[in-house]
Amino acid sequence: MYVCMCYGVTDKAIKNAVKEHGVGNLRELNTVLTLGSECGRCVQMAQQIIDTTIIDDSLFKEVC
C-alpha cells in the first residue's frame with residue numbers, strides 16, 4: 001500500500017527501513033526514505049507503521 005503518494009513510498013519500504021536501518025521515528029526515516037515534505041498527509045500513517053513495526057518486532061523477539 002502506498003503511504004506517501006508524493007514520493008511513492010510504500011508501507012513495506014517503511015517496515016524495511018525500521019528492520020534494516022533501525023529507524024524509530026520520522027526524522028530517522030527521512031534519512032533513509034524521502035516522505036512527508038510535500039503535502040504532509042502521510043506523516044501520521046508513516047509514524048503508525050514505524051510504531052507498529054517496532055512493537056511487533058519486539059514482541060516476536062521475546063517469543064523466540
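Values in this text are rule-based calculations from the coordinates and carry no lab data. Given the structure is predicted, the values throughout are model-derived calculations rather than measurements. Virtual Cβ from ideal backbone geometry, glycine too; neighbours counted across all protein chains shown.
Scanning the range 32-41 finds no residues that are in a helix (DSSP H, G or I) and either among the acidic types (Asp, Glu) or in contact (Cβ under 8 Å) with a residue 24 or more places away in the chain (or both).
Among the residues of the range 1-31, which ones are over 10 Å from the mean Cα position of the chain (by Cα) and part of a helix (DSSP H, G or I)? Residues satisfying the conditions are GLU20, HIS21, ARG27, THR31.
Pairing each residue of the range 48-59 that is under 15 Å from GLU20 (Cα atoms) with any residue that is of a type in the set (S, T, N, Q), provided the two are 6+ apart or on different chains, yields C-beta distances under 7 Å for ILE50/ASN25.
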